[in-house]
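Have a look at the structure below before the remarks.
The values are calculated or read from the model by the stated rules, or taken from the named source; none is laboratory data. Keep in mind the model is a prediction, meaning the values are calculated, not measured. In this analysis, Cβ positions are derived from the backbone assuming ideal geometry, glycine residues included, and neighbour counts consider all displayed protein chains.
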Amino acid sequence: MNLERSENSDWLSDLAKTSGEWLRGDGPESDIVISSRVRLARNVAGFAFINRAAADARFQIVQMVQNAVHNGILGRRVQHINVETLSSLDSQFLMERQLISRELSRGDGPRAVAISEGERHSVMINEEDHLRIQVLHSGFALDECWKECDALDDQIESSVPFAFHPQLGYLTACPTNVGTGIRISVMVHLPALRMTREIQKVHQAAQKISLAVRGLYGEGSQALGDFYQISNQVTLGKTEAALISEVKEVVTHIVSWERRVRELLLKDNKSQLHDTVARAFGTLTSARSISSEETMHLLSSLRMGIRLGLIDNLDVATVNELFIHTQPAHLQKLHGGVLETADRNLARSTYLRQRLDSSSLG
């Protein structure tokens with residue numbers, strides 16, 4: 001292992017013991033909304049798009065962007081990670097943490113990510129586009145995300161010229177990102193809509209107005225733990241404010257819908273709902289081997305149970321953290337080494353029992 005890889009791995013091992021600010025569970029509408037994200041796609045003027053850029057050009061882009069980030073508003077509170085030299089475990093760890101995309105993880109050639117203290121800000125370099133500027137917040141906080149992302153975008157653009165067309169707007173590798181280059185995402189927890197089989201209506205309603213409903217890790221991923229990401233699909237021809245307003249309106253409706261269904265379940269089927277939560281709690285606190293998928297499903301019931309007053313001595317922030325810390329890469333980072341699937345399932349059950357030991361059913 002080279003020195004750079006070792007330093008990255010050491011920092012990531014320390015990061016595994018903490019929880020990002022976006023998992024605090026205390027933002028607006030946090031009973032339903034886990035987090036809000038605004039991401040901007042940008043490309044550096046004078047350089048070919050990534051799929052046609054040579055290695056030396058990609059390296060120049062990494063250097064330019066890292067210098068701009070380091071000398072800007074985030075300053076020295078940023079950790080620069082060379083993704084090209086990361087192990088597959090460390091790449092997966094950053095994906096689980098929502099700090100890099102699958103595309104950046106699986107790409108080739110010079111590529112990197114800059115991550116701010118608290119993990120609210122990250123800048124991916126040489127993903128599908130030269131830059132992906134991202135801001136994450138706990139709860140339903142799109143306006144705050146946009147304000148910070150816009151400021152970071154302006155700061156980087158002050159020293160790195162972006163590819164821009166007076167009619168088309170910001171130029172991107174994928175036509176769906178041309179224009180503002182903005183992707184607005186809200187991660188919501190919808191166990192009641194899934195339990196009542198109404199979740200398909202959410203998909204249908206979103207598609208009618210060009211919004212996407214995806215799983216925990218975005219495009220191509222499953223909705224593990226009843227987590228869904230609601231995001232815009234089109235950026236051209238609309239302002240950032242208009243796109244944010246559209247997503248806010250839809251998410252507000254979905255949040256109200258989920259709350260109504262939870263209230264109906266609590267009113268009409270409280271004993272059955274309590275039993276579902278109790279069984280989830282019992283399995284999580286007694287299992288000797290448990291998979292990541294089953295853990296996500298059971299923690300989803302637990303999180304809803306907390307919000308409905310069915311569980312004592314357990315807060316949402318802890319459950320949010322458990323969703324992340326029991327993922328395969330996080331579990332291995334916490335363990336301090338690579339684990340095969342069977343050993344991960346054993347380690348996961350031990351970790352869950354330790355973390356949930358002082359909690360009890362309401």
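So which residues in region 16-54 are among the hydrophobic types (A, V, I, L, M, F, W, C), more than 21 Å from ASP108 (Cβ to Cβ) and surrounded by fewer than 20 Cβ atoms within 10 Å (Cβ to Cβ)?
Residues of region 16-54 that are among the hydrophobic types (A, V, I, L, M, F, W, C), as a first pass: 16, 22-23, 32-34, 38, 40-41, 44-45, 47-50, 53-54.
Now drop any that are not more than 21 Å from ASP108 (Cβ to Cβ), which leaves 16, 22-23, 32-34, 38, 40, 45.
ALA45, the sole residue that qualifies.
Scanning region 241-262 turns up no residue that is in the same structural domain as ALA192 (by TED's automatic domain parsing), among the small types (Gly, Ala, Ser) and under 20 Å from the mean Cα position of the chain (by Cα).
Applying a threshold of 7 Å to beta carbon distances and a minimum spacing of six or more residues, or different chains, the list of pairs starting in region 90-111 at a residue that is on the phi > 0 side of the Ramachandran plot and ending at one that is in a helix (DSSP H, G or I) and crowded, with 21+ Cβ neighbours inside 10 Å reads GLY109/ARG58.
Name the residue, out of ASP275, ASP357, ASP312, that is over 23 Å from SER9 (Cα atoms) and in contact with a strand residue (DSSP E or B) (Cβ under 6 Å, 6 or more places away or on another chain). Quick ask: steps written out before the conclusion?
Details: ASP275 fails: in contact with a strand residue (DSSP E or B) (Cβ under 6 Å, 6 or more places away or on another chain); ASP357 fails: in contact with a strand residue (DSSP E or B) (Cβ under 6 Å, 6 or more places away or on another chain).
Checking each option against the conditions leaves just ASP312.
No other residue among ALA223, ALA163 is among the hydrophobic types (A, V, I, L, M, F, W, C), surrounded by fewer than 22 Cβ atoms within 10 Å (Cβ to Cβ) and at pLDDT 95 or above apart from ALA163. Filtering region 181-207 to residues that are closer than 20 Å to ASP31 by Cβ and small (Gly, Ala, Ser) leaves SER185, ALA192.
Each row is one residue, and each column tells you yes or no for (1) within 16 Å of ARG58 (Cβ to Cβ); (2) under 20 Å from the mean Cα position of the chain (by Cα).
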{"residue": "VAL69", "(1), (2)": "no, no"}
{"residue": "VAL78", "(1), (2)": "no, yes"}
{"residue": "ILE81", "(1), (2)": "yes, yes"}
{"residue": "THR85", "(1), (2)": "yes, no"}
{"residue": "LEU89", "(1), (2)": "no, yes"}
{"residue": "PHE93", "(1), (2)": "no, yes"}
{"residue": "GLU96", "(1), (2)": "no, yes"}
{"residue": "ARG102", "(1), (2)": "no, yes"}
{"residue": "ARG106", "(1), (2)": "yes, yes"}
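From the list VAL188, VAL135, VAL202, exactly one residue is touching a Cys at 6+ places or on another chain (Cβ under 6 Å), assigned by TED's automatic domain parsing to the domain that holds ASN71 and surrounded by 22 or more Cβ atoms within 10 Å (Cβ to Cβ). Which is it? Only one candidate qualifies: VAL135.
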